[in-house]
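Presented below is the structure to which this report refers.
The values are calculated or read from the model by the stated rules, or taken from the named source; none is laboratory data. These figures come from a predicted structure and were not determined experimentally. Cβ atoms come from the backbone with ideal geometry, glycine included; neighbour counts cover every protein chain shown.
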Amino acid sequence: MCLICNQFINTNRNAFCSKCKENFTPIIKSNRINKLLVSDGLDAAHSGWYFTQGLDDLIHSLKYNDRAKLGLELGRHLGQLISPETFGHVDLLTAVPLHRVKLRDRGYNQAEWIGKGAAEIWHIPFKKQIIKRNRFTVSQTTLNKEERKTNMDNAFSVKRNVENMSIVIFDDVLTTGSTMSACALSLKKAGAAQVSALTVSTPMDTH
Ligand SMILES: [Zn+2]
């Protein structure tokens, strides 16, 4: 069964059918870095498709219905749509880490599965837990702009040697860029040479 249109699919390998896949709207100029509210630390920010009907269902399903494999499938499509050359030379792929409480509840990090799917297509190593989410991140909503920045600056730390590496960070959706930027800044602080963001989707342009 296709997760979007409920039509029968003649394979267990796919979660959605090719007809629904054709309805996805690829982003032509996929570098979104100038559209982000926060992009410090990032050298590029790309997304595959607009967050349109069908794909939004899949991404919701990815988070809440125990569908790690769907992440892998979306990651493979993303790896086919956007080539690694888009980012120049790439040494390593990783994912935005999930908060430990969410990871415990969900059992998997959907961003890691997306990255693993792309890694299969690109033949570039994917490593999880390069970036670690620090324990004491206060909820952003109670903070002013300056406090938010400090809060995000301390939100992540890097757990592996990333010196002089060019790294692509994966996630499902790119919105303001604040999480990606905080991850990128932590990698740059640890010596990474280049850091780019790649997500499956991003909301429609407002202008
Ligand atoms: Zn379908």
>> Filter region 1-42 down to the residues that are of a type in the set (D, E, K, R), surrounded by 14 or more Cβ atoms within 10 Å (Cβ to Cβ) and more than 12 Å from the ligand (Cβ to nearest atom) and list them by number.
In response: 32, 35, 40
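Take the residues of region 162-176 that are in contact with a helix residue (DSSP H, G or I) (Cβ under 9 Å, 6 or more places away or on another chain) and within 19 Å of residue 63 (Cα to Cα): which is surrounded by the most Cβ atoms within 10 Å (Cβ to Cβ)? Lay out the reasoning, then the answer.
First, pick out the residues of region 162-176 that are in contact with a helix residue (DSSP H, G or I) (Cβ under 9 Å, 6 or more places away or on another chain): 162, 165-174.
Cutting the leftovers down to within 19 Å of residue 63 (Cα to Cα) gives us 169-174.
Working: 169: 26, 170: 28, 171: 23, 172: 23, 173: 17, 174: 23.
The residue in question is 170.
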> Which condition number in (1) closer than 20 Å to residue 194 by Cβ; (2) of a type outside the set (S, T, N, Q); (3) in contact with a helix residue (DSSP H, G or I) (Cβ under 6 Å, 6 or more places away or on another chain); (4) surrounded by fewer than 20 Cβ atoms within 10 Å (Cβ to Cβ) is the one that residue 89 fails?
Replying inline: (3)
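Quick one: which of 5, 20 is in contact with a Phe, Trp or Tyr (Cβ under 9 Å, 6 or more places away or on another chain), on the phi < 0 side of the Ramachandran plot and not hydroxyl-bearing (Ser, Thr, Tyr)?
Numbers: 20 fails: in contact with a Phe, Trp or Tyr (Cβ under 9 Å, 6 or more places away or on another chain).
Testing whether each residue is in contact with a Phe, Trp or Tyr (Cβ under 9 Å, 6 or more places away or on another chain), on the phi < 0 side of the Ramachandran plot and not hydroxyl-bearing (Ser, Thr, Tyr) leaves just 5.
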> Can you name the condition, by its number, that residue 41 falls short on among (1) of a type outside the set (S, T, N, Q); (2) at negative phi; (3) in contact with a Ser or Thr (Cβ under 6 Å, 6 or more places away or on another chain)?
Replying inline: (2)
> From the residues in region 45-76 that are surrounded by fewer than 20 Cβ atoms within 10 Å (Cβ to Cβ) and among the hydroxyl-bearing types (Ser, Thr, Tyr), which one is farthest from the ligand (Cβ to nearest atom)?
Replying inline: 64
> Name the residues in region 1-33 that are at pLDDT below 85 and more than 28 Å from residue 45 (Cα to Cα), would you?
Replying inline: 10, 11, 12, 13
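Based on this model, can you work out whether residue 94 counts as modelled with pLDDT under 95 and of a type in the set (Val, Ile, Thr)? Before you say what the answer is, go through the steps one by one.
Working: modelled with pLDDT under 95: no; of a type in the set (Val, Ile, Thr): yes.
No, not satisfied.
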